[in-house]
Amino acid sequence: MTSVLRHLAHASRCAPLLLGLAAPACLAAPVTVDFGGGDGPLPYGENGFVVQGGGAQGWAGVTDAVLQDTTLAAGESVRIARQGGGTFRLLSFDLYRHDNLHATFDLLGFIDGLQVVDFGSYALGGGEYFQTLMSSSNALVDELRLVGTGGRGPNVVWDNFVFDVARQPVPEPASLPLALAGAAALAIFGRRHQVGSGRACLLPSRPC
Ligand SMILES: [Ca+2]
């Protein structure tokens, strides 16, 4: 169900662009970082993304393998960026709720080190389950930072960061036949025009 909701959310973002016949943001399939690489210290790399931060590590205590930070103090951050650089959009992420933990953090987006979007402030309480949170912004960023803002409780657990990787616009496959048809029509029109002009010149009563 969660994946279905993700795809629906992605489709809703793409629909206006598709209607406009320009969909550079929709060319790339969503990329998920699900921390399936098992336990280990950061940095962690998966699907072209790298996750860095102090004190965080993979953790298998809740589901398969998720990211846990045991020391996300106020001002400390976990950072996510593309390996080798480049922009991307955040579509969603999963946050593990704890009944007895109330640490808080902000999710911020940056371009060239400058903050360009605030995805919101989050707290952990409210149950014992993973909650999928959809992005509140369609902004392009080149780095995400999960910045601790205090609260009570040491553990913050995230999973399944879903990104839309931005690419340069390229001609859509459906537009190529149209472009070729247009070029062919122009060529035929030009040829007929030349032929027509030639015939007109054969008539003595009409100027060439
Ligand atoms: Ca996972």
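The values are calculated or read from the model by the stated rules, or taken from the named source; none is laboratory data. Because the structure is predicted, anything quoted here is derived from the model rather than measured. Heads up, the Cβs are rebuilt from the backbone with ideal geometry, glycines too, and the neighbour counts pull from every protein chain shown.
Any chance you could count how many residues in region 98-147 are assigned to a loop (DSSP other than H, G, I, E, B), surrounded by 16 or more Cβ atoms within 10 Å (Cβ to Cβ) and free of Cβ contacts under 8 Å to residues at least 40 places away in the same chain?
Residues flagged as assigned to a loop (DSSP other than H, G, I, E, B), surrounded by 16 or more Cβ atoms within 10 Å (Cβ to Cβ) and free of Cβ contacts under 8 Å to residues at least 40 places away in the same chain within region 98-147 amount to 1.
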Discussion item. Here are the criteria: (1) buried (at least 17 other Cβ atoms within 10 Å of the Cβ); (2) more than 16 Å from the ligand (Cβ to nearest atom). Tell me which single one residue 93 does not satisfy.
Written reply: (2)
Worksheet, complete the sentence: Scanning region 117-136 for residues that are of a type in the set (A, V, I, L, M, F, W, C) and within 15 Å of the chain's Cα centre (by Cα) gives 117, 119, 133, 134
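Could you pull out the residue among 152, 167 that is away from the ligand (no atom under 16 Å from the Cβ), over 19 Å from residue 79 (Cα atoms), touching a His at 6+ places or on another chain (Cβ under 6 Å) and modelled with pLDDT under 90?
Testing whether each residue is away from the ligand (no atom under 16 Å from the Cβ), over 19 Å from residue 79 (Cα atoms), touching a His at 6+ places or on another chain (Cβ under 6 Å) and modelled with pLDDT under 90 leaves just 152.
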